[in-house]
Every structure is written in C-alpha cells, then in structure tokens.
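Engineer: First the structure, which I've put down as structure tokens, then a few questions once you've had a look.
The values are calculated or read from the model by the stated rules, or taken from the named source; none is laboratory data. Keep in mind it's a predicted model, so treat the numbers as computed, not measured. Reconstructed Cβ throughout: ideal geometry from the backbone, glycine too, with neighbour counts over all protein chains shown.
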Amino acid sequence: MTTNFKNMCCSRWIVVAMGIVLLSVAAWSLPPDGSAGPTWLRAIGRFHPLIVHMPIAFALLVPVLDILGRWRRRPEWSASADLVLGIALMSAVMAVLMGLALGHSDEHQGDTVQLHLWMGYAATVALGVAWALRPQWPALAVPSVVVACALVGFTGHIGGELTHGSTYLTENLPEPIARLMGAKTPQRTSTSVESTVHATSTSITSASIPAPSVSPVAEVPASATVWDAVIAPLLNRSCVSCHSATVHKGGLRLDAHTYLVTGSDAVVVAGNPESSELLRRVLLPIDDDEFMPQNHKKSWDETEVSIVRWWISAGADAQLSIDRAAMDAPENVKTFLRTQVSQSSSVIKNLAPVSAPTPILTPKLAPAPTTMIEPVDPIDISWQARWSALHAVATEAHVELLPVSTHPEDGLTIRAFSGGKNVTDASFARLMELAPWVVDIDVAGTAVGDSTMAMLATWPSLRRLDVSRTAITHTSAASFARMRSLHCLLMNGTVFDDVGMEELGHCSQLRTLALCQTKVSTAALQALRVALPQCGIGSDEIPNDKK
Amino acid sequence: MTHVPQTPVATVRPNRRDFLRTLGAGSLAALGLLAADERTASGKASNVAPSPLPLLPHVAPKAKRIILLTMAGGASQLETFDHKPGLAARFDQDLPLSVIGTQRLTGMTSGQARLPIAPSQFAFAQHGKSGTWVSELLPHTAGVVDELAVIRTMYTEAINHDPAFTLFQTGNMVTGRPSLGAWLSYGLGSMNSNLPTYVVLRPAFPANPNAQALMSRLWGSGFLPSEHAGVSLRSNGAPVLYLDNAPGIDQSRRRLFLDVLGGLNQQTLDTFHDPETATRMAQYEMAFRMQSAVPELTSLDNEPASTFTLYGEEARKRGSFANSCLMARRMCERGVRVVQVFHRGWDQHSDLPKQIRAQCLDTDQGCAALIHDLRQRGLLEDTLVVWATEFGRTVYSQGGLSKTNYGRDHHPRCFSVWMAGAGIRPGTVYGETDDYSYNIVRDPVHVRDFNATILHLLGIDHARFTVRAQGLDQRLTGVEEAHVVRGVLA
C-alpha cells in the first residue's frame, strides 16, 4: 500500500517532468515568429481556441469539488477532484501544443502573443505540480490548484485580448469600474480626432465615415495632418487590434506611419495606390481569405477607401496637412476633410450639391479699387479665420454676408431681408470693415437711414444698392453721388423728394434708378431723365396704353 | 438601418451627416435658416460662420430670383405667338400626311376621319421696336414685347398633360424628381428666412370643362429634403392655414410651445436622424416667422393707385391672376427666390376661340403689368420672368371645324414660351416652325435646354449641379445632353 502510494507519487512527478520537457521542446521549436507555417500545423492550431476551454472549465471545477466536498462532507466529491484535475492537466497540455502550433503557423507575433504563450506554459506546469503533489500533501491540494487556476484564468484573459482586442472586456464598463480593473485608455494619436471614429463605429451600423455631429468632438485645426486626423483613426479602428506593438499578425504593424511605408514589403507604396498591399487587401471580395480586416464589421466604406487611396496617391506623407491637402484633393475627399476641419454647421456650406470638382480658384482681382478683396484661397486658413470674424460681425448686425459666387473676385453681398427692422444705422455701422469687398447690398425694408448711406459712400466696390422702404431722405443724394461704382439704385417706397433730385443728376454712374412710390414730382423726373440719359429711371408713371 | 419614411427613393442614409449634407448642401440659405432657428430658440445670435465660398452659384448670377408664369393645359402657340398667315388660305383643307410624318397622334384625334387645318381666328400684328408678332388676344403683352425673348420652337416628347407637365417642372416624365423651384431652393437657398424660398400661387381661372388638375408634386422636392418643396399659398381666406395664433394664445406662449415641441422633435431627430424631422422643425420655425411676414406681404394697403391701373382692379381681388402677379412682384421685393403662378384651363380641345379668349383676358394684363412693374422698380435686371406651358396645340381641328369654332389637340412638336428680365436679350424672337406650326425648321429648344438656360441665368452650370439619388448623379436636365440657349441671352 505504502509502496504503491509512493510509486504513484513518484510516477506522477515523472509524468510531470516529462511533460515539462515535452512542452519546452515544443515551445522552443515552434516559436510564434509571424510567419505562415505548414498548413497541417495550422489546421491543428486552429483548434486551439476550441480546446482551450476544456482546461479552463476542468481546472476551475477542481477547487469547487475540493471545497464543496469538505464543506458538505461528501468525500466522493473530493475524490473525484483528483480525476478532474487530471483531465484538466491533459487538456491543458493539448491546448498548449495546439496553441504553439497556431502561433507558429498562423502569422502570429508580438509581445501579447509571447505573454500568452508563457502564461499558458506556466499554467500547465502549475496544474501538473498541483496534480503531482496532491496525493503526498493533501494540505497543499487546494492552495496549489487555486494558484494554477489563477494562472489559467489570466492566460485565458490574454487570449481573449488577442482575439477581441485589448479593450474588449472593459470598454463598455462605466469609467471608474474600468479603471479599477486596470483598463488601458485607448490608444490616442497626437490629436483627439480618433474619438470621432470610435463614436461613429458604434453609433452607425454600417461602418461609415465619421459623422460630424454624432459625438462632441474637439475641433481639429486645419493645420492638423491628414495622417493624424483621418488615416491613423481609420487604421486604429480597423487594423490595429491585430497589427500593433502588442499583436503583429503577419509581422505587420499599422500603429505608426513608419511601419506602413518602410521596408521592402511595405504595405503602402507612396504615390502608387494600385501597388499598395493595404488597398489590395481591403478591396478584395469580402469572402476572400485575404480580405482585410478579418472582422468585417470593421471594414471601410467607399468613401473611406477613396480617402486612403487619395492619400497614398498624394504621396502617403505623414506631414501632409489638411489645409494643404484640401487644395488639390478630389471633391469627395475635400468634403470629407472639411467635415474634419470644423465640426459644426460651417461644414454645411462646403457640402454643396456639386459633385463635379470645383476648379482650383486662383483669384484674379478686378484692377480697380485698391482696397478691394485680396487674393484668397477658399481653404486658406487665415482667410477662413478672417471670414469667420467678418461673418460674426454680419450676424451681430442681423444681416447675411454671402459671396456672390465661387469666384472671390465677384465680391460679397449683404442681405437684410431676414433681419428686417432689426437692421438699423447703429447695427449697420459695425459692417464698416466689410467695405472693400461688398458689391451688392439689399437693405430694403430695414431701419437704416441717411447715416448708413453716408457710410456706404466710401465703399469702393458697391455696384447695387436697394434701400427701398427705408427711412432714407433726400439727404442721401449726396452720398449716392459719391458711390462711384454704383450702377443700380433702388429707392422705391421712400420719402425721397425733389430736394435730392438735382444731386441725383450728378450720378452719371447710374444705369438703373428706381423711384416708385417716392415724393418725387413728375417735373423733377423729367429733368432727371434729361440729366441722366444713360440711366433707366423707374417711377409710378403708367405707360400710355394702360391709362 | 433606420427606415426613412416618406422618402423611399432617397439613397441618403438617414444619419446626421447626410442630414447635414442634404439640408445644407450648398445652400447658403439652409444655413441662414439654421442660424435663424438657433437665434429664435436660444435667444442669442448664432456664431456659425458659413464658408467663405459656397459651391453655388458657379458664376456670378444674372438672376437672383425667378418668377414662373405657368399656363397649365397647353397654351396654343397658334393663337398667341406663332403667326402662320399662310394658313388662312388652307382653311378646312386636310393637313398633309407628310407634315405629320411618322408621329403618333393622341387617341383623341387619331380616330378622326380627317384632320382639317384650322387657321387661327385671331389677327396678329407686329409690335414694338422688335416687330415681334403677337396675337390680338394679348394686347398688354404686345405692349411689353420689346422686353421679351419669345421662343417659338420649344418641344417635348410627352403628349399628355401629366408627363409633359412633370417633364417641364422636374426634367423627367417619371415622377419623383424635384421641381425646378426645389432645385433652386436647394442649391441657392433662401434670401429671406421669414418667407418660404419657393412660393406657389394658384389663382382662379375662367370656368373651363377641360381644366387639368394640379398635383402638389409639380412643385415637390422629389428626393431632396422636403423643406425645398414649394409652399402653396391659398387664394381664399388665410393665405396659410392655421398661421395665426389660436384665440387666447399670445406670441410668447406660442414661442414657449414651439420651444418645447422643438425639444421633443430634437430627441426624435437625435434618435432616428431622419431629415424629415429636421424639415418639420424648420417649418414650424418658418411658420412662426411668417406670422408677421405674411400679413405684411399680402396687405395691399401701401400700394399706390397706379398699381391697380397697371395690373387692373382685378388685382385687388385675392386669388385672381392679376393679384398673383402683384404678389409675385411683392415677394421679389422681399427676397423670395422662386415664385410660380399656375394658371389652369389652357386645354382647348373644343370651343377654343371662346375659351382662349377668356384665358388670355384673364392673364394678359397681369403678365404685362408684372414686366412693366419690375422694370420700373429696378427689379427686372436681376429677376428672370418666364411664361411657359407644357406643350402646344395642333394646327388641325379636333372635332368639327367651322368659321367660328374649332378645337385643338395636344401638340408636343412645337410650342411658344417667353422669357424676360435678367440676362435675357430683350426683343428677341428665337426659332422658326414650318408653315403649319407643326414641325421645327430652325433652332429647336428642348425642355431640358430651356431648364439649362434658366439655371445658367441663375449662375448655375446645369451639368455640375447634381445630387446623388437612386444610384445616379441626378440633375434637373437629366442624362441627355442639354444646351444653354445662347440666342436668347443678352
């Protein structure tokens, strides 16, 4: 009996020692080096995720049986613990061997993989020790198996991270709990744009380009690089869980710009999207073995692919800034970039319903007034900032400020239909700094009067002015005479009267003058028509055939 | 994927990005609207700056506004602008088959034993410095003919009202496309956030058994967000129903109500991202602002007596064509981008002389007064006025032909329209039809060419003004080649 018992103890230690040798040899000969091993090995390895659940389940059952058996005084439970532990050990060995096969043959590489490997090794050894010492030292049975279980559990957790990504477990937990569990904060690029992508991918079912307003996202300065603002977040979303510092499947890392473009087997060939492996993979049919990302839910939509394609063809430069890029990118890319630049409604304007590319604007200015609009590029940052300032001024004055067309040299329009009586001489006075650019002003029906006209007299580019139904009087005639670019003046429905008519007679620049519903007399009208033969002058007069 | 109610053809995904894209879409105005909403809702001005350069208009526009005078039913070119003096001698002769060629006639006349030529009963004369021929039915129009560019060679493929009218309004015979006004609202946006961007007026018309119905989709927004659809003002009673506050509700209570409702709608919008929710919110706010803007618009108290000499006393009567023309001018003065006046009853299959006389009497003075009035007020230079119809009428009589009576069937192969105002070369006559006003001899103008010309005058390159829907970069002028009619441009 004693001999048998001793024999059993010895034989268990021998078995464990042999097992350790076997595992060590296997681990040494089957390193996870990122390469693709033989197919048969991979075929075996692919069963690792299946088999791995057995040692976990059986090992966890052992302390349960031990403890319950003692507590409930059911020795048969405690006795079966030994058998279960044996099964756990055997399945652990199988799982480790399959894991080694998988790691060696299926392009696995990286720190996390190494950690998983050695933890699995350690857990199996711990199970073996617990199994071997159990007959000899019953007092150590439970503690040893608990230690082994802890190692098994930790190994399983690392395995889960390999499969699902490092934040899988904790990312949906409330922040404090997640932190308590030691969750790493998600990787950040140098700007905070990445959160855009995160927010999007969780809020919209089909993976799509970041929606500007889905989440409160920090503004991205237009000087940010395309890499930081767009490309890196896309890679983070779709690729980095398998291709990073911790896991680099296929020997590939995509967590920094340098890994994309350097090396003979770089997945991005700058300037040549067609030769870039990155694009080839994402464009494969979704059921192709080589299609990336393997998690289809993370795949890129058409717009995102086109952004990446454009970026590669533009040189795949990490330093390419958004504002520079926006100048010669295709329209859809520009649109996308603009959504990145400024988050809120200012985006709206750039998303015009025009699908054809807008020609790059190289503004040439009307030679005339020296103070006129400077050459500006629509995306130019300083102009953007200046425009925002001007627009803010206009908004305060309750008027709308609008470019006449896509050509900067066409100047700006001020419209006050919406502002109505909120637009006063006082509010309009704030618009003085707009003077150089404005060619057309509609203030019909507002509360502006003669002092605004006096101010406008110095505006060099003003060609059209509608002051109908305002409080202007004949006093403004002198101001109109000073507006040398003014071609069209509408004064319908004002109290303008004959006193100002002589001064109007000096407005030889006018081609259209509307004086309907004013206090002007027929005689004065006749005189003005003589004084301004080039000008069409409208009044309440009825054509002869209608009288 | 959230279902998009009411916009089944839209391929836009109903998320916020698409909402912003479609809502804003180049429209300066949509932004202005949003900004205005923010103002009213939050009580402080929005500091959202629109982009320094919009993508529309492509070039500085000639026209900022457009008034469409639309004669629904197919106004006869033979009784208005296409003078065919040679026909008198051919009264009651059979129309030569060589003229008809291979054309299939409508079922209304294809069974007729013969197709007798019916010369116009009405005298034509040359008017103005341009010497444009105009029928005696349009004496007032004749008075402003030097402002007009008459196109006598319009043509269409559609031979019945609905497809022809749908084609004219939306660029396609198949329904579901946005109307011209909706395209313009979408592309150019509002100029006055207190009034709709695209207003539709449907005045009364002389009693006529053949008046075709008007469907609201003719001014609809198709696959564009429905806020771009025309807003039809009623011709009787309140111009906009339920615009006034209910008894016991004052303005501040109304504001409170809208703020609370807006909060609920915002929740729905945040949940479902349906652009139609945004449209609804925008329309509530628009209605709030319209409460003061519409009475000011429709009140004629400040119009001088000369206005009613010009437009006729009819113009005092709400819902008359003359009143609609006057309204169109008043809306132009207040920054409404598109005004479309639909005048029904031009479908004279029988009893044409009597009916068309009444139709012309009803519309002639208003049209001419509008041109004259816009000119006097300095608005004609940046307002485009279009008088048009969906197709013409046959030279042969439908039904019996007598010296005093005849009818005319639909005729898509040629018809007459006119344009006036911004960017139009005044006093122009464009195109020439054959001796029977049946086929086009020179300078044909398809509906899509016509629409391309309108867009051109508004500063828009029709080929570059596209919206992706149903897998196609849709445009008003369709997929076939369209040409701007340079011959009518100044």
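Engineer: Could you grab me the full set of residues in segment B:217-231 that are modelled with pLDDT of 90 or more and either buried (at least 20 other Cβ atoms within 10 Å of the Cβ) or out of contact with any Ser or Thr (no Cβ under 7 Å at 6 or more places or on another chain) (or both)? Don't jump to the end; show me each part of the working.
Structural biologist: Kept after step one, since they are modelled with pLDDT of 90 or more, are these residues of segment B:217-231: B:217-224, B:228-231.
Passing the criteria: B:LEU218, B:TRP219, B:GLY220, B:SER221, B:GLY222, B:PHE223, B:LEU224, B:HIS228, B:ALA229, B:GLY230, B:VAL231.
Engineer: With respect to B:GLY399, determine if the residue is within 24 Å of B:MET108 (Cα to Cα) and not aromatic (Phe, Trp, Tyr).
Structural biologist: In short, yes.
Engineer: Cβ-Cβ under 6 Å, sequence separation 6+ or interchain: first residue in segment A:168-180 and assigned to a loop (DSSP other than H, G, I, E, B), partner of a type outside the set (Ser, Thr, Tyr). Which pairs?
Structural biologist: A:THR170/A:ALA178; A:THR170/A:MET181; A:THR170/A:ALA183
Engineer: Okay, next question. Given the criterion more than 19 Å from B:VAL336 (Cβ to Cβ), more than 9 Å from chain B (Cβ to nearest Cβ), of a type in the set (Ser, Thr, Tyr) and buried (at least 19 other Cβ atoms within 10 Å of the Cβ), identify the matching residue among A:SER405, A:SER427.
Structural biologist: Numbers: A:SER405 fails: more than 9 Å from chain B (Cβ to nearest Cβ).
One residue alone meets the criteria, A:SER427.
Engineer: May I ask you to say which residue of B:LEU167, B:LEU137 is assigned to a loop (DSSP other than H, G, I, E, B) and at pLDDT 95 or above?
Structural biologist: Residue meeting the stated conditions: B:LEU137.
Engineer: Those residues that are more than 25 Å from A:GLU409 (Cα to Cα) and assigned to a helix (DSSP H, G or I), I need them from segment A:432-453; list them, please.
Structural biologist: A:ASP450, A:SER451
Engineer: Can you tell me which of A:ALA43, A:ALA57, A:ALA36, A:ALA27 is surrounded by fewer than 19 Cβ atoms within 10 Å (Cβ to Cβ) and more than 40 Å from the chain's Cα centre (by Cα)?
Structural biologist: Sole residue among the options that is surrounded by fewer than 19 Cβ atoms within 10 Å (Cβ to Cβ) and more than 40 Å from the chain's Cα centre (by Cα): A:ALA57.
Engineer: Determine, yes or no, whether B:HIS446 is crowded, with 22+ Cβ neighbours inside 10 Å and either under 30 Å from B:GLU480 (Cα atoms) or touching a strand residue (DSSP E or B) at 6+ places or on another chain (Cβ under 9 Å) (or both).
Structural biologist: No; evaluated as a whole, the condition is false for this residue.
Engineer: Can you find a residue in segment A:253-273 that is within 22 Å of the chain's Cα centre (by Cα) and of a type in the set (Ser, Thr, Tyr)?
Structural biologist: Yes: segment A:253-273 contains one or more residues that are within 22 Å of the chain's Cα centre (by Cα) and of a type in the set (Ser, Thr, Tyr).
Engineer: Return the residues of segment A:241-259 that are in contact with a strand residue (DSSP E or B) (Cβ under 9 Å, 6 or more places away or on another chain) and hydrophobic (A, V, I, L, M, F, W, C); say none if nothing qualifies.
Structural biologist: Scanning segment A:241-259 gives A:CYS242, A:LEU252, A:LEU254.
Engineer: When you scan segment B:314-402 for strands (runs of 3 or more DSSP E) that lie fully inside it, which ones turn up with 1 or more residues that are more than 14 Å from chain A (Cβ to nearest Cβ) and closer than 23 Å to A:ASP466 by Cα?
Structural biologist: Qualifying strands (runs of 3 or more DSSP E): B:338-343, B:383-389.
Engineer: Quick test for you: out of B:THR102, B:THR80, pick the one residue that is of a type in the set (Ser, Thr, Tyr) and surrounded by fewer than 24 Cβ atoms within 10 Å (Cβ to Cβ). Can you show your working first?
Structural biologist: On the way: B:THR80 fails: surrounded by fewer than 24 Cβ atoms within 10 Å (Cβ to Cβ).
Testing whether each residue is of a type in the set (Ser, Thr, Tyr) and surrounded by fewer than 24 Cβ atoms within 10 Å (Cβ to Cβ) leaves just B:THR102.
Engineer: Cβ-Cβ distance below 7 Å, separation of 6 or more or different chains: which pairs start in segment B:472-490 with a residue that is touching a residue at least 24 places away in the same chain (Cβ under 8 Å) and end on one that is acidic (Asp, Glu)?
Structural biologist: Sorted first by the residue in segment B:472-490, then by its partner, the pairs are B:ALA482/B:ASP449; B:HIS483/B:ASP449; B:VAL485/B:ASP449; B:GLY487/B:ASP443.
Engineer: To continue, here is another question. Exactly one condition in (1) farther than 21 Å from A:VAL152 by Cα; (2) among the acidic types (Asp, Glu); (3) assigned to a helix (DSSP H, G or I); (4) touching a residue at least 40 places away in the same chain (Cβ under 8 Å) is not met by A:ASP82; state its number.
Structural biologist: Only one criterion is unmet by A:ASP82, namely (1).
Engineer: Among (1) out of contact with any strand residue (DSSP E or B) (no Cβ under 9 Å at 6 or more places or on another chain); (2) surrounded by fewer than 24 Cβ atoms within 10 Å (Cβ to Cβ); (3) free of Cβ contacts under 8 Å to residues at least 40 places away in the same chain, which single condition is A:GLY449 missing?
Structural biologist: If we test A:GLY449 against (1) out of contact with any strand residue (DSSP E or B) (no Cβ under 9 Å at 6 or more places or on another chain); (2) surrounded by fewer than 24 Cβ atoms within 10 Å (Cβ to Cβ); (3) free of Cβ contacts under 8 Å to residues at least 40 places away in the same chain, just (1) comes out false.
Engineer: Return a yes/no flag: does segment A:361-383 have any residue that is buried (at least 19 other Cβ atoms within 10 Å of the Cβ), at pLDDT below 85 and in contact with a strand residue (DSSP E or B) (Cβ under 6 Å, 6 or more places away or on another chain).
Structural biologist: No, segment A:361-383 contains no residue that is buried (at least 19 other Cβ atoms within 10 Å of the Cβ), at pLDDT below 85 and in contact with a strand residue (DSSP E or B) (Cβ under 6 Å, 6 or more places away or on another chain).
Engineer: A further question follows. Tell me, which helices (runs of 4 or more DSSP H) lie completely within segment A:466-537 with 2 or more residues that are surrounded by fewer than 19 Cβ atoms within 10 Å (Cβ to Cβ) and within 14 Å of another protein chain (Cβ to nearest Cβ)?
Structural biologist: Output list reads A:522-531.
Engineer: I'd like to verify a number: residues in segment B:424-469 that are part of a loop (DSSP other than H, G, I, E, B) and within 14 Å of chain A (Cβ to nearest Cβ), how many?
Structural biologist: Final tally of qualifying residues: 7.
Engineer: Let me ask something else. Which of (1) assigned to a loop (DSSP other than H, G, I, E, B); (2) farther than 22 Å from A:ASN332 by Cα; (3) at pLDDT below 80; (4) away from chain B (no Cβ under 14 Å) does A:SER223 not meet, given it meets every other one?
Structural biologist: Of (1) assigned to a loop (DSSP other than H, G, I, E, B); (2) farther than 22 Å from A:ASN332 by Cα; (3) at pLDDT below 80; (4) away from chain B (no Cβ under 14 Å), only one is false for A:SER223: (2).
Engineer: Within segment B:429-438, identify whether any single residue is in contact with an Asp or Glu (Cβ under 6 Å, 6 or more places away or on another chain) and within 23 Å of B:VAL174 (Cα to Cα), and answer yes or no.
Structural biologist: For segment B:429-438, residues in contact with an Asp or Glu (Cβ under 6 Å, 6 or more places away or on another chain) and within 23 Å of B:VAL174 (Cα to Cα): absent.
Engineer: Quick one: count up the residues across segment A:89-115 that are surrounded by fewer than 23 Cβ atoms within 10 Å (Cβ to Cβ), among the β-branched types (Val, Ile, Thr) and over 32 Å from the mean Cα position of the chain (by Cα).
Structural biologist: Result for segment A:89-115: 1.
Engineer: A further question follows. If B:ARG448 satisfies every condition in (1) in contact with a Ser or Thr (Cβ under 8 Å, 6 or more places away or on another chain); (2) farther than 28 Å from A:GLU331 by Cβ; (3) among the charged types (D, E, K, R) but one, which is the exception?
Structural biologist: Answer for B:ARG448: the failing condition is (2).
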